[in-house]
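Taking it in order: structure first as structure tokens, then the write-up.
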Amino acid sequence: MKILAIETSTLSGSVAIVEDNGVLCELALHVEETHSSQLLPAIQYVLQIARLTPDSVDGFAVAVGPGSFTGLRIGMAAVKGLAAAAAKPIIGISTLEAMAWAFPFSPYPMCPMIDARMKEVYGAWFRAAAGEIERVSEDFVLPPHQLLKEVKEKTLFFGTGALRYRAEIVDALGEQALFPPEAIMGARASVVGLLAAKRLQRGDADDLDSIEPLYIRQAQAIAPRKRRTER
């Protein structure tokens, strides 16, 4: 099963083609303003390297956010166009969940954070269990200081929000705040594709007409809804 995946939630995006449990090709992008000029050439490049065409992949995956409104719109429009033209399934994957999958054996609670501007971050709480990622909260948008009030133990922070507010996080939490290397802090299209492949193997795809980017600020999702009372 081959999946073409796109991740454009931040200025550091990527495009990948995955097959079953492996990555055939992945191209990292870093743009100054938007992905509009680089995304389609990147898609063509990874297809060429993998010796595929849009018609020969089994599905298309996209990180749905939260993240940059412009980046998410561009990524979603590209994937919708490809899926419609090829008559193939489309699968949307949470950006924050894809970020958390970089650390499937973390012994610590995890909080991926994306800079939401306006002195806020998009985030969610996750934990690793037996090599799987479990979601502990819904996605939320909060000022960093409000999010940090919930931390009671050593916690792993990563993403553009963690980079921007690292000093504030360290001031508030001291040695309880843990940070991975910057190079592995963001979402990757290959992870988006592998998560999408798992869904597609179960026959679980999204509706082409109704799938949309996740704009949680517009939905006024201002606080996490915990799925358990204690982390």
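Within region 76-88, identify whether any single residue is in contact with a Phe, Trp or Tyr (Cβ under 7 Å, 6 or more places away or on another chain) and either without any contact (Cβ under 8 Å) to a residue 40 or more places away in the chain or within 27 Å of Trp125 (Cβ to Cβ) (or both), and answer yes or no.
Yes: one or more hits.
When you scan region 94-185 for helices (runs of 4 or more DSSP H) that lie fully inside it, which ones turn up with 2 or more residues that are open to solvent by 30 Å² or more (accessible area, probe 1.4 Å)?
Output list reads 144-148, 160-164, 166-173.
What number goes with the only condition from (1) modelled with pLDDT under 95; (2) over 29 Å from Ala16 (Cα atoms) that Glu153 does not pass?
Among (1) modelled with pLDDT under 95; (2) over 29 Å from Ala16 (Cα atoms), Glu153 violates only (1).
Let's see how each residue does on (1) open to solvent by less than 10 Å² (accessible area, probe 1.4 Å); (2) out of contact with any helix residue (DSSP H, G or I) (no Cβ under 8 Å at 6 or more places or on another chain):
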{"residue": "His30", "(1), (2)": "no, yes"}
{"residue": "Thr53", "(1), (2)": "no, no"}
{"residue": "Phe60", "(1), (2)": "yes, no"}
{"residue": "Gly65", "(1), (2)": "yes, no"}
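Can you tell me which residue in region 69-89 is farthest from the chain's Cα centre (by Cα), limited to those that are under 18 Å from Gly13 (Cβ atoms) and open to solvent by 50 Å² or more (accessible area, probe 1.4 Å)?
Looking at residues that are under 18 Å from Gly13 (Cβ atoms) and open to solvent by 50 Å² or more (accessible area, probe 1.4 Å), I get Ala77.
Working only within region 51-75, note down all residues that are without any contact (Cβ under 8 Å) to a residue 40 or more places away in the chain and part of a loop (DSSP other than H, G, I, E, B).
Arg51, Thr53
What tally of residues in region 85-123 results from selecting those that are within 19 Å of Glu7 (Cβ to Cβ) and aromatic (Phe, Trp, Tyr)?
Selection size over region 85-123: 3.
What tally of residues in region 186-217 results from selecting those that are part of a helix (DSSP H, G or I), open to solvent by 20 Å² or more (accessible area, probe 1.4 Å) and not aliphatic (A, V, I, L, M)?
Of the residues in region 186-217, 3 are part of a helix (DSSP H, G or I), open to solvent by 20 Å² or more (accessible area, probe 1.4 Å) and not aliphatic (A, V, I, L, M).
The values are calculated or read from the model by the stated rules, or taken from the named source; none is laboratory data. All figures in this text were calculated on a predicted structure; none of them were measured in a lab. Counting neighbours? That spans all protein chains shown, and the Cβs are built from the backbone with ideal geometry, glycine included. What goes into the accessible areas is simple: the full protein's heavy atoms, side chains included, and nothing from ligands, DNA or RNA. Shrake-Rupley method; radii C 1.70, N 1.55, O 1.52, S 1.80 Å.
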